[in-house]
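Have a look at the structure below before the remarks.
The values are calculated or read from the model by the stated rules, or taken from the named source; none is laboratory data. The structure presented is a predicted model; accordingly, all values stated were derived computationally and were not measured. FYI the Cβ positions are ideal-geometry reconstructions off the backbone, even for glycines, and counts take in every protein chain you see.
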Amino acid sequence: MSNNPFLLETPGVINFSGGRTSGYMLRKILDAFDNKLPDDLPVVFANTGKEMPQTLDFVHDCSTHWDVPIVWVEWNNDFENKIKIVDHNSASREGEPYEQLIDSKRFLPNPVTRYCTSYLKIKPMRAYCMFHKGFEYWNSYVGLRYDEPHRVARLSNRNKKERWETEAPLHNAKVTVQHVYDFWKNNEFDLRLPNIGGKTPQGNCDLCFLKGANTIKNIMKSDPKLAEWWIKQETKHLGTGNDRAAYFRKDRPSYAKLLKNTQDQLELFEFDQATDTCFCHD
């Protein structure tokens with residue numbers, strides 16, 4: 001085994017979230033492999049359809065600037081093995097995979113039952129590795145840093161019956177948010193979303209229910225139209241006989257009320273510290 005934490009064992013899959021941290025991880029891995037990844041180490045981005053356009057552009061920029069193929073996958077109930085291969089041009093941008101999943105489940109995901117992460121991120125990655133690459137067992141490399149020990153600790157608690165082992169090269173290399181910040185500050189391109197204290201509030205799903213209420217309201221204030229999709233999901237599941245499952249969260253106001261709150265107040269809200277993070281967060 002190499003002493004270089006970025007010279008990864010194969011077969012494996014590099015989970016690319018579309019954020020700065022996973023972008024930094026990809027760059028370090030490319031450096032370790034002299035810019036030529038082996039065929040049994042694909043880079044995969046799972047698109048939910050609710051990422052910001054800047055996130056999709058960033059994935060594309062990393063691929064073109066660094067001359068590395070990045071496979072784009074989406075969960076789709078109508079496709080074989082429930083996986084659809086897309087690209088920057090054909091990727092969903094109106095929440096189509098997410099909405100199709102919610103409609104099939106007939107209730108909304110929430111902080112306790114977070115099926116969105118499993119179906120929209122983990123399952124497409126697994127399907128790609130098994131059915132497109134033919135892997136029987138593999139390593140799954142994720143962008144968790146050294147200054148995120150609580151998230152790294154969760155990796156050891158994951159289902160041991162799965163076909164893969166999850167590894168965090170950045171944690172092993174003792175990479176912190178400062179390393180990531182310094183890299184992108186001096187790079188020729190960057191994710192065109194605000195960096196606030198080392199975090200990207202608009203990263204991953206735009207108004208993800210795991211983001212703090214103030215963070216969501218700030219994003220709504222900058223782009224109120226983003227709220228429409230989330231309000232639609234909550235509205236169409238009301239009156240179905242299971243109103244308890246008609247909200248993404250029961251411990252705070254609905255998305256419609258959060259939007260009204262932003263319209264009633266002129267000042268910006270203080271961004272929350274992250275209350276929780278899903279597997280794909282960066």
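May I ask you to list pairs of residues, at least six apart or on different chains, whose Cβ atoms are under 6 Å apart, with the first in the range 46-73 being under 16 Å from Leu26 (Cβ atoms) and in contact (Cβ under 8 Å) with a residue 12 or more places away in the chain and the second being surrounded by 20 or more Cβ atoms within 10 Å (Cβ to Cβ) and among the basic types (Lys, Arg)?
Listed pairs, sorted by first residue: Ala46/Lys121.
Checking Asp67 against (1) touching a helix residue (DSSP H, G or I) at 6+ places or on another chain (Cβ under 8 Å); (2) on the phi > 0 side of the Ramachandran plot, only one condition comes out false. Which one?
(1)
Of the numbered conditions (1) modelled with pLDDT of 95 or more; (2) surrounded by fewer than 20 Cβ atoms within 10 Å (Cβ to Cβ); (3) not in a helix (DSSP H, G or I), Ser140 satisfies every one except a single condition; which is it?
Among (1) modelled with pLDDT of 95 or more; (2) surrounded by fewer than 20 Cβ atoms within 10 Å (Cβ to Cβ); (3) not in a helix (DSSP H, G or I), the lone unmet condition for Ser140 is (2).
Restricting the search to the range 247-279, which residues are modelled with pLDDT under 90 and either aromatic (Phe, Trp, Tyr) or closer than 22 Å to Ser104 by Cα (or both)?
First, pick out the residues of the range 247-279 that are modelled with pLDDT under 90: 263-279.
Selection gives Phe269, Phe271, Cys278, Phe279.
Taking the stated definitions as given, is Asn195 over 30 Å from Tyr181 (Cβ atoms), at pLDDT below 95, surrounded by 13 or more Cβ atoms within 10 Å (Cβ to Cβ) and in contact with a helix residue (DSSP H, G or I) (Cβ under 8 Å, 6 or more places away or on another chain)? Lay out the reasoning, then the answer.
Numbers: over 30 Å from Tyr181 (Cβ atoms): no; at pLDDT below 95: yes; surrounded by 13 or more Cβ atoms within 10 Å (Cβ to Cβ): yes; in contact with a helix residue (DSSP H, G or I) (Cβ under 8 Å, 6 or more places away or on another chain): yes.
The answer is no for Asn195.
Would you say Asn35 is surrounded by fewer than 20 Cβ atoms within 10 Å (Cβ to Cβ), among the polar types (S, T, N, Q) and over 17 Å from His179 (Cα atoms)? Spell out how you get there, then give the answer.
Numbers: surrounded by fewer than 20 Cβ atoms within 10 Å (Cβ to Cβ): yes; among the polar types (S, T, N, Q): yes; over 17 Å from His179 (Cα atoms): yes.
Yes.
Only one residue in Leu191, Leu170 is touching a residue at least 60 places away in the same chain (Cβ under 8 Å) and either in a loop (DSSP other than H, G, I, E, B) or farther than 20 Å from Pro5 by Cβ (or both), so which one is that?
Working: Leu170 fails: either in a loop (DSSP other than H, G, I, E, B) or farther than 20 Å from Pro5 by Cβ (or both).
Within the list Leu191, Leu170, the selection yields Leu191.
Starting from the range 113-126, keep only residues that are closer than 21 Å to Lys250 by Cβ and surrounded by fewer than 22 Cβ atoms within 10 Å (Cβ to Cβ), then list their pairs with residues that are modelled with pLDDT of 95 or more and not β-branched (Val, Ile, Thr) whose Cβ atoms are within a distance under 6 Å, requiring at least 6 positions of separation or different chains.
Going by the 6 Å Cβ cut-off, the qualifying pairs are Tyr115/Pro109.
Restricting to the range 109-131, name every residue that is touching an Asp or Glu at 6+ places or on another chain (Cβ under 7 Å) and either in a loop (DSSP other than H, G, I, E, B) or among the hydrophobic types (A, V, I, L, M, F, W, C) (or both).
Of the residues in the range 109-131, the ones touching an Asp or Glu at 6+ places or on another chain (Cβ under 7 Å) are 111, 124.
Matches in the range 109-131: Pro111 only.
I'd like to check something: does the range 183-190 contain any residue that is under 28 Å from Lys123 (Cα atoms) and either surrounded by fewer than 18 Cβ atoms within 10 Å (Cβ to Cβ) or hydrophobic (A, V, I, L, M, F, W, C) (or both)?
Of all residues in the range 183-190, those under 28 Å from Lys123 (Cα atoms) come to none.
No, that holds for no residue.
Would you mind stating whether Glu167 is of a type in the set (D, E, K, R), under 19 Å from the mean Cα position of the chain (by Cα) and closer than 20 Å to Leu8 by Cα? Show your work before the answer.
Values: of a type in the set (D, E, K, R): yes; under 19 Å from the mean Cα position of the chain (by Cα): yes; closer than 20 Å to Leu8 by Cα: yes.
Here the answer is yes, as Glu167 does meet what is asked.
Under 9 Å between Cβ atoms, which residue pairs at least 6 apart in sequence (or on different chains) link something in the range 136-151 that is among the aromatic types (Phe, Trp, Tyr) with a partner that is modelled with pLDDT under 95 and in a loop (DSSP other than H, G, I, E, B)?
Tyr137/Arg163; Trp138/Arg163
Given the criteria loosely packed, with under 14 Cβ neighbours inside 10 Å, modelled with pLDDT of 95 or more and in a helix (DSSP H, G or I), does Thr64 qualify? Give the derivation first.
Values: loosely packed, with under 14 Cβ neighbours inside 10 Å: yes; modelled with pLDDT of 95 or more: yes; in a helix (DSSP H, G or I): yes.
Here the answer is yes, as Thr64 does meet what is asked.
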